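Here's the structure, in structure tokens; my notes come after.
The values are calculated or read from the model by the stated rules, or taken from the named source; none is laboratory data. Not measured: the values here are computed from a predicted model. We place every Cβ from the backbone using ideal geometry, glycine too, and count neighbours over all the protein chains shown.
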Amino acid sequence: MNSQHYFSASPEGPFTRRTVSVTLDRREVSVSTAGGIFSPDGVDKGTAVLLKHAPDPASQGHLLDIGCGWGPLALTLAMRSPAATVWAVDVNERSRILCAENAAALGLTNVRVVAPEEVPAEIEFDTIWSNPPIRVGKEVLHGLLEHWLPRLGPGGEAWLVVQKNLGADSLLAWITTMLSGSASEFHNGRAETAKGFRLLRISRG
């Protein structure tokens, strides 16, 4: 899959849905995927590491999935925190359609699937989960994280999963520098390493 393809607003190629079985929050469920999105065959290895090792999200408030794809992180956030509002954000229109359909099919009424610019500016997030699109390049990736990570609310935590050999450690160093310039109450660290992936933790307060 070409990274620019799944990161484009309107991917090329036919929008042909297919059903795959995956395990989310210890439940085996059927979800819809398609070509032109990230990881259409199921839960990718990085996302699986985050789902296994990240602690439970905040039980209420606003939760965020940056780059939701067909929805493995957003759907799990919604399952684990039914009293919270989950914002599933993606630039890819096809991904948003599929994530919304999957949330509806699973009866998860607390998921809001939107384009990035549709998230109200005043909202701060209690939990952020993301398998960020590393392969889109530093400029796009840094812009993405500069937009969302400072919106972590007091007491909130962000968990990012990044492949070790794709610059996880250098990305953590950049995040630390970026956030230190905007708010001294942010704290960052490497929480876990598994299967070639780093799990990065960013907390506020």
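In the set (1) buried (at least 18 other Cβ atoms within 10 Å of the Cβ); (2) over 22 Å from Ser32 (Cβ atoms); (3) in contact with a helix residue (DSSP H, G or I) (Cβ under 6 Å, 6 or more places away or on another chain), Ile175 fails one condition alone, (3). Considering only residues that are out of contact with any Ser or Thr (no Cβ under 9 Å at 6 or more places or on another chain) and basic (Lys, Arg), look in the range 16-44 and name the one that is nearest to Arg94 (Cα to Cα). The selected residue is Arg27. Regarding Arg135, is this residue under 21 Å from Leu77 (Cβ atoms), of a type in the set (Lys, Arg) and surrounded by 14 or more Cβ atoms within 10 Å (Cβ to Cβ)? So Arg135 fails the test.
When the test is whether a residue is touching a residue at least 60 places away in the same chain (Cβ under 8 Å), among the charged types (D, E, K, R) and surrounded by fewer than 17 Cβ atoms within 10 Å (Cβ to Cβ), Glu124 passes it. Looking at the range 85-110, which of the residues that are outside any helix (DSSP H, G or I) and not hydrophobic (A, V, I, L, M, F, W, C) is farthest from Glu124 (Cα to Cα)? Checking each candidate, the answer is Gly107. Note on the range 189-205: residues that are at pLDDT below 85 and not in a loop (DSSP other than H, G, I, E, B) total 6. For the range 124-142, a residue qualifies if it is under 19 Å from Arg198 (Cβ atoms) and in contact with a strand residue (DSSP E or B) (Cβ under 8 Å, 6 or more places away or on another chain), and the qualifying residues are Thr127, Ile128, Trp129, Ser130, Asn131, Pro132, Ile134. Looking at (1) at pLDDT 95 or above; (2) in contact with an Asp or Glu (Cβ under 8 Å, 6 or more places away or on another chain); (3) surrounded by fewer than 24 Cβ atoms within 10 Å (Cβ to Cβ); (4) assigned to a loop (DSSP other than H, G, I, E, B), can you tell me which one Ser10 breaks? It is condition (1) that Ser10 fails. Within the range 117-129, one or more residues are part of a helix (DSSP H, G or I), over 16 Å from Phe38 (Cα atoms) and more than 12 Å from the chain's Cα centre (by Cα). Test Ala88 against the criterion of being farther than 22 Å from Lys195 by Cβ and in contact with a Cys (Cβ under 9 Å, 6 or more places away or on another chain), and give yes or no. Answer is yes for this residue. If we scan the range 140-162, do we find a residue that is farther than 20 Å from Asp65 by Cβ and not polar (S, T, N, Q)? Yes, the range 140-162 contains a residue that is farther than 20 Å from Asp65 by Cβ and not polar (S, T, N, Q).
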